[in-house]
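Following: one structure in structure tokens, then a few remarks.
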Amino acid sequence: MRRFPGHLVFLVLVAIVTLPAFLWAQGQAQKGQAQRTLDIYFIDTEGGQATLFVTPSGESMLVDTGFAGNQGMPDATATNSSGAPITRDADRISAVFKQAGVTVLDWMVISHYHGDHVGNAAELANRIPVRHFVDHGPYSVELQPNRSAAFLAYMAVRDKGRAIVAKPGDKIPVAGLDVQVVSAAGELIKVPMQVAPGQAAPGAGLPNPLCRDAKLKEQDPTPENFESVGIVVRYGGFRLLDLGDLTWNQEHALACPNNLLGTFDAFHTTRHGDPHSGAPQLMHAIRARVAVMNNGERKGGDPAYWQTVHEAPGLVDFWQLHRSATGGADHNSPEQFLANLSEIDHGHNLKMSVRADGSFSMNNERNGFMREYPARTKSAVSSSRQ
Ligand SMILES: [Zn+2]
């Protein structure tokens with residue numbers, strides 16, 4: 001029998017032993033090359049909310065989970081061709097997990113327990129491991145039978161990971177990001193935000209002249225919105241504000257008499273652009289360069305809300321997940337800024353990629369339209385403090 005030369009056998013053995021380590025190292029290098037940005041996916045959930053943050057090191061945070069089933073569409077109880085329930089938003093979110101390379105979700109933040117936010121929390125937790133859940137606490141102030149299903153399903157999975165009850169002033173310790181809670185369970189921060197001990201966030205703590213003529217509104221009749229976990233996400237020089245479905249008078253309290261939140265690069269609209277929210281004394285004080293509205297074709301996207309954002313000082317572009325039917329010709333952004341245009345156009349997302357210097361890009365995944373936003377210069381930051 002012919003024998004293989006000894007040195008060949010040795011080389012083959014070395015290759016077998018070292019190949020997995022080599023492939024792993026190559027994979028890590030590719031991962032590092034592929035993404036050096038904080039990527040934020042604003043996922044279309046037809047007027048619900050689901051926003052995925054993925055840091056350059058791959059840590060992931062999903063804020064809200066969209067609607068269960070086919071809710072938010074006229075045929076809310078529709079089934080698929082084989083008669084099974086539709087899992088529209090869960091499927092869309094899962095597709096974005098795949099796109100972003102997320103196989104374990106590090107943080108699932110549930111702003112509050114309305115079905116357009118907590119809708120797929122349980123469904124997603126059954127599809128992918130979730131390491132931490134963050135919410136306003138294990139109770140809901142509304143338990144109408146038609147609204148409790150998604151909440152109760154979430155309660156059943158919540159303890160599969162580590163459950164954390166958010167309190168205003170807390171940090172959510174997402175590696176590589178500074179995530180601060182500014183509202184939860186009806187409570188709000190009481191002192192100006194800081195980026196480091198003794199160092200105020202840009203514009204935070206200054207008297208707000210818009211409070212002079214500020215109006216308050218009748219309290220929202222759906223108190224679960226009032227409980228929303230609101231967060232500020234900071235990555236290097238970039239700041240984003242997401243207040244969930246917080247209401248007008250709470251927005252007022254965060255902005256008056258002093259602007260406790262400061263100024264921002266990006267603002268995710270409160271309550272899908274519904275007129276129960278959208279206090280100009282907040283929205284005009286935060287000087288966001290980019291706003292993103294999580295509206296549906298027929299949910300949110302209120303003309304008065306749209307106008308307030310459109311007129312906000314410092315705003316460069318206003319992106320929307322849908323063209324708003326009630327907005328008409330005068331209260332919608334130009335088409336290239338809209339992720340979905342009509343009743344038959346659904347499931348296109350917006351993607352923001354943020355660099356540590358505070359510059360970022362926005363990409364409309366429907367048509368590939370892209371915009372670049374440079375880092376704020378120091379003088380721009382200080383002039384925003386005036
Ligand atoms: Zn909502």
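Read the figures in this text as sums done on the coordinates, not as results from a lab. Keep in mind that what you see is a predicted model, and the values were worked out from it rather than measured. Cβ sites come from the backbone with ideal geometry, for glycine too, and all protein chains shown count toward neighbours.
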Ranked by Cβ crowding within 10 angstrom, fewest neighbours first, how are L124, L321 ordered? L124, L321
Of Q219, Q99, Q250, the one that fluctuates the most in a GNM where the chain has Cα springs shorter than 10 Å: Q99
Heads up, region 87-240 by the C-alpha gyration tensor (a ≥ b ≥ c square roots of eigenvalues; a/c under 1.5 rounded, else a/b over b/c prolate, else oblate) looks oblate
Expressed as an acute angle from 0 to 90° and rounded to the nearest 10, what is the orientation of the C-alpha long axis of helix 88-100 relative to the principal long axis of the chain? 60 degrees
If you wrap region 256-336's Cα atoms in a convex hull and average its projection over all directions, what's the area in nm²? 4.8 nm²
Rg/Rg_ref, region 37-383, where Rg_ref = 2.2 N^0.38 Å and atoms are Cα: 0.91
Can you pick out the pairs among K160/K351; K160/K299; K299/K351; K190/K217; K167/K351; K190/K215 whose Cα atoms lie more than 23 Å from each other? K160/K351; K160/K299; K167/K351
Once a ≥ b ≥ c are taken as the square roots of the eigenvalues of the Cα gyration tensor of region 184-266, is the result rounded (a/c under 1.5), prolate (a/b larger than b/c) or oblate (a/b not larger than b/c)? oblate
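Where does the charge balance sit around L282 when Lys and Arg score +1, Asp and Glu -1, over other residues with C-beta under 15 Å from its C-beta?
That sum, taken over residues with Cβ under 15 Å, equals 0.
Which of F226, F267, F369, F67 has the fewest other C-beta atoms within 10 Å, and how do the rest follow up to the most?
F369, F226, F267, F67
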Ranking A253, A68, T37 by how far each Cα lies towards the positive end of the charge dipole of the chain (+1 on Lys and Arg Cβ, -1 on Asp and Glu Cβ), the top one is T37
In deg cm²/dmol, rounded to the nearest 500, the helical mean residue ellipticity at 222 nm of the chain, built from -39500 (n - 2.57) for every DSSP H run of length 4 or more, is -6500 deg cm²/dmol
Give me Y154, Y113 sorted ascending by neighbouring Cβ count inside 10 Å, so fewest comes first. Y154, Y113
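Could you give the size of the charge dipole of the chain about its Cα centre, using +1 on the Cβ of each K and R and -1 on the Cβ of each D and E, expressed in debye and rounded to the nearest 20?
1560 debye
Restricting everything to alpha-carbon atoms, can you work out Rg to Rh for region 148-304 with a Kirkwood hydrodynamic radius?
0.97
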How far apart, in nanometres, would the label points at S361 and R131 be if each is projected 7 angstrom from Cα along the Cα-to-Cβ direction? 2.8 nm
